[in-house]
Amino acid sequence: MRLSYLITGIVIFTFFGCKKSTDLTQIEETIYVRSNGADMPVYLRGRVGSGIVILVVHGGPGGNGLEYRAGKYSEEIERKYGVAYWDQRGQGMSQGTYKKAEVTVDNMVFDMNAVVNTIKLKYGFATKVIALGHSWGGTLTAKYMVTDDLQYNLDGWIEADGAHDIPRLNKAAIKKFKSESKTQIALGNNTSNWEGILTWANAIDTNNITNENGGEINKKAGEAESWLLEDGFIQASEAGGIKNSPLFGPTNLLTSTVTGMQTSRLLYNEVEEVALTNALKKVTIPTLILWGKYDFVVPLALAYDAFNTISSTNKKIVIFEKSGHSPMDNEWEAFAKEVTAFIEVL
Amino acid sequence: MRFFIVLISFCTALTLNGQTDSSSTPSVLFNDYSPLSASYYGNLLFQPGIKLAMDRNLLKIEKNKVKKRKTKHTQKLLYIQPNFTFYVHPKTLAVLQLNTELGWRRYNSRLLFTEVALSIGYSRRFNQGETYFSDPAGNITGSKKGTSRGYFATGISLGCGGVIFIQEKPITLYSKLNANVLTAHNAGLLPEGILEFGIRFQPNFGLKNTTVKTIIK
């Protein structure tokens, strides 16, 4: 008799022991959005049950959505909210067939709207969708905000080091290179490197910045950030996060790199002329502007530009003192905290 | 780890086979039937897939070269190979591809071979999960599972391998590096690199392949 109780007990224990302990509202799903000849994957992760989905608009052009899952901040954010990592047209693992002339910022705005509408359709129209654009993703989301009334499909905009005005960006970057070079030379840090940057920056005619100069700014920005990291001005990214394996993961390294390069080349001339500072007046939805103090790719001046121009009554700017172009990596905890604080009051 | 065990076994098998007597090299047209092959077909090696193929041999050239003390016996084979491949980009895409390959294979007297082949085919790439459709106004009109898109595929491959005999039955072990290009993918093209490890065997059934022209030099 006792034996049968014991067996029953073990069976019951085993049965309940097998029950998944994970939060059932945590999802891991891939869907696609077909828009104007492109099939774009949207990797849905995190806690969709919260009724809030953050749409990550990746950088580049030429990046991919899941790159933004590698930072530790994403773990924190996915614990609280749903996150949609979208591979834009001709980038990441997007596929399709369309003409080169169809690779335009306007078409990508249209694509983004299709992704927003898909999320609302899938999870209910009461679901709050917040766009988080970084770098080139900031260009695209800025364009989305000022196109017709599209901004009202969103419940909030998080602009992280976003490039909403490239001509202004180029001028501000040169100014930033000059001022930071002088500061670092005076401090005796990496002197010869900063002297080289200063000489290069002084030689550029800021009234006539060429596309070639634009490419150089990106390259030099990476170098400058690495020296500042070395000297402790920028905080090193913390290991961890939800990294996707480049070989086993959903994003195929070769596919993503090659398609991204092709799309980046096709968009290059158009992107170099994007100037949306004045148009940002149209933005009235809640906006959070997050920026790294030592961002040379998209300098801080653009953060203030955006903050001072948008008409939203609910707007906030946060400067991360120990970050470069990617504060979500350099100061992930503070970044995640600001994102959460912004979303919680929407 | 499993991959390295397979690779080591493959190399060992070829080395051991290399010790056979080359004076009695058999014809590489082992019997009258078309050889069949099955292989692991890994996009960037690790994104897994399989390939199934059948060879149709078209032409064989045999050459005997007398050198000082030995006679070097080489066999060259022109073949056409229809094949079917399936591989996945995990959590993103599943890909079905039908190809026809035209290849040139050169065997030495120890039945080790190298080959080069050109291929054309059709690739169908299936989206993972549901696909949502947007109309020209940006509204989502519906969704469907199993949505796919098709591309024209061309490729080149380089391979090597060798024949071993198990109970007098010829088994070919080979590896191949495939470079494919899909067009029109997005607004351009998509190159792909695939590494293949396979086995080819000679069945005593199936399609006959008796019309191989043989030239002996």
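Any read-out appearing in this document is the output of simple, stated calculations on the displayed coordinates, not a laboratory observation. Given the structure is predicted, the values throughout are model-derived calculations rather than measurements. Because the Cβ atoms are built from the backbone with ideal geometry, glycine has one as well, and the counts that use them run over all protein chains shown.
Under the shape rule built on the C-alpha gyration tensor, where the axes satisfy a ≥ b ≥ c, segment A:242-346 is oblate, since a/c reaches at least 1.5 while a/b does not exceed b/c.
Exceedance of the 26 Å cut-off in Cα-Cα distance is limited, within the set A:Lys178/A:Lys281; A:Lys80/A:Lys316; A:Lys182/A:Lys337; A:Lys72/A:Lys178; A:Lys182/A:Lys322; A:Lys72/A:Lys293, to A:Lys178/A:Lys281; A:Lys182/A:Lys337; A:Lys72/A:Lys178. Which FRET efficiency value, to the nearest 0.05, do you get for A:Tyr304 and A:Thr284 by plugging their Cβ-Cβ distance into 1/(1 + (r/R0)^6) with R0 = 22 Å? That gives a FRET efficiency of 0.70. Distance between the 7 Å Cα→Cβ label points at B:Ile166 and A:Ala70: 4.2 nm. Counting only alpha carbon atoms, the long axis of helix B:2-17 and the longest principal axis of chain B meet at about 20°.
Remark: spin-label model distance A:Glu28-B:Leu45 equals 2.4 nm, labels positioned 7 Å along the Cα→Cβ axis.
Each label point was placed 7 Å from the Cα along the Cα-to-Cβ direction; for A:Ala341 and B:Phe84 their separation is 6.0 nm. When you filter the trypsin sites (Lys or Arg not before Pro) in segment A:237-346 for DSSP loop state and at most 16 other Cβ atoms inside 10 Å of their Cβ, you are left with A:Lys243.
A DSSP coil position with no more than 14 other Cβ atoms inside 10 Å describes none of the trypsin sites (Lys or Arg not before Pro) in segment A:103-132. Per residue, chain A reaches -14500 deg cm²/dmol at 222 nm when only DSSP H runs of four or more residues are counted, each adding -39500 (n - 2.57). Across segment A:290-346, C-alpha contacts under 8 Å between residues 6 or more apart give a mean separation that, scaled by the residue count, equals a relative contact order of 40 percent. What shape does segment A:192-266 take by its C-alpha gyration tensor, where a ≥ b ≥ c are the square roots of the eigenvalues and a/c under 1.5 counts as rounded, a/b above b/c as prolate, and the rest as oblate? Since a/c reaches 1.5 but b/c is at least a/b, the shape of segment A:192-266 is classed as oblate. Across segment B:49-64, coupling constants 3J(HN,Hα) worked out from phi with the 6.51/-1.76/1.60 Karplus curve, θ = phi - 60°, read x, 10, 9, 10, 8, 9, 8, 10, 6, 10, 8, 10, 10, 10, 9, 10 Hz, and Gly and Pro carry x. Over chain B, DSSP H runs of length four or greater, each weighted -39,500 (n - 2.57), average out per residue to a 222 nm ellipticity of -2500 deg cm²/dmol. Using only Cα atoms, locate the centre of segment A:212-262 and the centre of segment A:301-346, then give the distance between them in Å, rounded to an integer. For segment A:212-262 versus segment A:301-346, the Cα centre distance is 21 Å. Between B:Thr141, B:Thr172, B:Thr183, the GNM of chain B built on Cα springs shorter than 10 angstrom shows B:Thr141 fluctuating the most.
Shielding value for B:187-199 is 4, the average number of Cβ atoms from other chains within 10 Å of each residue's Cβ. Taking the number of Cβ atoms within 10 Å of each Cβ as an exposure proxy, the fewest-first ranking of B:Val66, B:Val88, A:Val57 is B:Val66, B:Val88, A:Val57. A Cβ-based charge dipole, computed about the Cα centre of segment B:32-122 with Lys and Arg at +1 and Asp and Glu at -1, lands at about 920 debye. The relative contact order of chain B, computed from alpha carbon pairs under 8 Å that lie at least 6 residues apart in sequence, is 23 percent. Short-range pairs are left out: with C-alpha atoms under 8 Å and at least six residues apart, the relative contact order of chain A is 20 percent.
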